[in-house]
1. Under a Cβ-Cβ cut-off of 10 Å, what is the net charge of the residues other than residue B:446 that fall near it, where Lys and Arg count +1 and Asp and Glu count -1?
2. Going Cα to Cα from residue B:433, which lysines come in below 17 Å? Please leave out same-chain ones fewer than 8 positions away.
3. For the full complex of protein chains and a 1.4 angstrom probe, list B:460, B:385 by accessible area with the highest value first.
4. Can you give the Kirkwood hydrodynamic radius for the protein assembly as shown, in Å, rounded to one decimal and based on Cα pairs?
5. Not counting the cut sites, what is the longest span of chain B without GluC sites (Glu not before Pro) that DSSP labels loop and that have at most 16 other Cβ atoms within 10 Å?
6. According to a simple spin-label model (label point 7 Å from Cα along Cα-to-Cβ), what is the distance in nm between residue A:217 and residue A:76?
7. Starting from segment A:2-32, pick out the chymotrypsin sites (Phe, Trp or Tyr not before Pro) whose DSSP state is loop and whose Cβ has at most 12 other Cβ atoms within 10 Å.
8. Could you work out the helix-only [θ] at 222 nm for the protein assembly as shown, with each DSSP H run of four or more residues adding -39,500 (n - 2.57) and the total divided by the number of residues, to the nearest 500 deg cm²/dmol?
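The values are calculated or read from the model by the stated rules, or taken from the named source; none is laboratory data. In this text, all values refer to a predicted model and were calculated from it rather than measured experimentally. Positions of Cβ are backbone-derived with ideal geometry, glycine not excepted, and every protein chain shown enters the neighbour counts. To get the accessible areas, we keep the full protein, side chains included, count just its heavy atoms, and leave off ligands, DNA and RNA. Shrake-Rupley method; radii C 1.70, N 1.55, O 1.52, S 1.80 Å.
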Amino acid sequence: MGITSKPVVFAVLAAVVILIGTTVTVFIPLFMPSTQPVSASIKPYTAVEQEGRDIYMREGCNNCHTQTVRPLRTEVLRYGEYSKPEEFAYDRPFLWGSRRTGPDLNRVGEKYPDSWHYKHLDSPQSMFEKSNMPPYGWLAKNRLDTQYSLKKATTLGYGYSESDVHQQITQYRATVTDENYPSKESRNNVTPPELRKELTEMDALIAYLQKLGRDVKNMEAKK
Amino acid sequence: MTPYVQGNEKSVPFDCSQENLEDDMSETSTEKYNFTIVRGFAFSALFWLVIGLIVGLWIAFEMFDPALNLTPWLSFGRLRVVHTNGLGLGFGLAAIFATSYYILQRLTRTPLPFPRLAQLHLYFFNTIIALGALSLFAGMNTTKEYAELEWPLDIGVVVLWVMFAINVFGTLIKRQEKQMYISLWYIISMTVAIAILYIVNNLEIPVTLFKSYSVYAGANDANVEWWYAHNVVGFIFTVPILAMFYYFLPKSTGLPIFSHRLSIVSFWALNFAYLWTGAHHLMLTPLPEWIQTVAIAFSIFLIAPSWGSVVNGYYTLQGNWDQMRTNYLVKFFIAGITFYGLQTIQGPLQGLRTLNAFFHYTDWVIGHVHMGTMGWVTMVISASFYYMIPRITSTELYSVKLANTHFWLILVGQFTWTITMWIAGIQQGAMWKATNPDGSLMYNFLDTVTSLYPYYKLRFAAGVIYFIGIMIFAWNLIMTVRQQPSQAEA
Ligand code: HEM
């Protein structure tokens, strides 16, 4: 057999061999709706939540936190209901992670009030002395850049109009800057005075964290 | 079926241990071939290795003392990807380019057809890796493991891969030696596979110059990513390392590879089976169960071709085991292939559902990764460089004694490192699962983390030992090339 004296044929053959497994386990599932099912209960991220998600990615929180609860008894006990495929229909990219230096976050939404997160993100060690999570206080010192929020939502196919995006942003700003915002004190503790009337990166990140696992509760309730 | 070297009376399979032996000795060989490029990539590899390891030590420290998260760009989440990319893309790829350019020219007895392109490839490569490191420090991170670079740099990576491929196929087409030796098969399959993997996984829609979103969503994105990530480990940290192993082991021992047939079977089986196994990284996630099951089956199967190479390596030394003592290079190769063998048993076992449920997400996996990278990959690359560098600079290695010290330091460092992490992984897995008699959880999450700090400290110390070994390696090679002019005078 002369294939070891024909480099181009050899390369083509290698490509074919490599593409067999790829086609069966990767390409075909891409076209099967059952791989990534959708549910009307699972809503896309708001513009602010999406900005928060992008900050989560930028800071590489996924290097310490997973976002998939496995269907194991002790895991469900620790984190809550195991993850369902529908939950991830809008996740581009997915953020399941591969290492749990910190706990899973797929069910962290509404687990704590916003105030908890302001305090924790600013300094995990102030709450848990021996935690090795990095402090992220500077996120509260960065104004949230919403310049590309509309473009992002469009790219991701969330179906928001310009006014939707605008409204989502102003509404969330109104919420966190409201005099009666329940987490006002913690927020003010970490946010410099000049940014207290604005949205900060930390506000957006917390909005995202609070969304995690929220919609799936409605989905499960309907079942 | 076995390809034979044309015109060889004894009709033995192509044997690289004897290939251009005279060439090796003659001074003209360095002029005929383009070895400046080999040297350029080899020293780039060393540079990125040292940088990547410093970052590795930094994050290892952060894991028991977060005080080192001094600035946003030094925070663990950003730094960890600098470590993995710096070593995987920076050190790994540069070492592969260096050895591939060398092996290609020797095995084909043909100089690179496009030396200028190769030179450009070297500059472009280092530019992309440097920009990659800076962009990751800055938080431009797609979060898909080992594909974290943002889209403009992805394009850069594709371009530099094409530059490499042109010389690979150019040399092969113009080659003087009819048969292609095993190492060339591995280089070909790597060149093809990495191109497919990288492009498919990095398809993304740009939003700005620094930000894009994956075209795949949720479970599909996960499936594509782990198909990629698993195989990028396969085709960067296995396939080209095998190319080096199959070339430099016979060259440095003078012994032909034990079985040619075994290498053919192993080669095709490995290339076929690898691609089915990515989903063993997604066990018990929302990915459809059948994909996970197929992945487990093929993972178990992969033991066979992997061990084909291990057996081939061991049997090559049959009757010549004294070389372990007398030939400093052999130690690296044999220790390296032994870690490869251990890894390829450990890997498939980790894929089994029950074991995976226990070990996944713990430090056990980190131990597994580093036995491969600090054991197999660096051991084989070290020996390959020790073999190549003196030859391309027509000189002797600066110090065999230092090379031996290097060997023992990285061996002890790596072993302490990985065993520590295995124990840490077992402990954490057990603590996550532990329940009280009433069925409630015994430990809160943070307790399971803080109980590992003693292990993290030990891991850091082991990393320092390993790092000293690598510094000796770098020193030894720098001194080797620096003594070159004085030798020429003498
Ligand atoms: C001084 C030696 C080294 C030290 C101290 C070190 C440290 C670390 C640390 C602390 C992590 C993160 C672990 C975690 O998140 O729990 C890591 C991950 C990683 N390192 Fe290293 N490392 C070293 C050598 C290497 C080498 C030589 C390579 C490759 C050539 C490498 C490749 C990787 C990879 C691929 C990961 C990601 C593992 C995963 O996600 O499963 N490391 N390393």
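1. On the way: positive: A:130; negative: A:129, B:447.
Its environment carries a net charge of -1.
2. Answer for residue B:433, where 17 Å is the Cα cut-off: none of the lysines qualify.
3. Details: B:460 55, B:385 0 Å².
Accessible-area ranking of B:460, B:385, largest first: B:460, B:385.
4. Numbers: mean 1/r = 0.0374 Å⁻¹.
Roughly 26.8 Å, rounded to one decimal.
5. Working: sites that count: B:9, B:27, B:396.
No qualifying site falls inside B:28-395, the longest such stretch.
6. 1.8 nm
7. Working: sites: A:10, A:27, A:31; in loops: A:31.
Passing both the DSSP loop test and the Cβ count: A:31.
8. Details: 32 runs with 438 residues, N = 713.
Here the helix-only value at 222 nm equals -19500 deg cm²/dmol.
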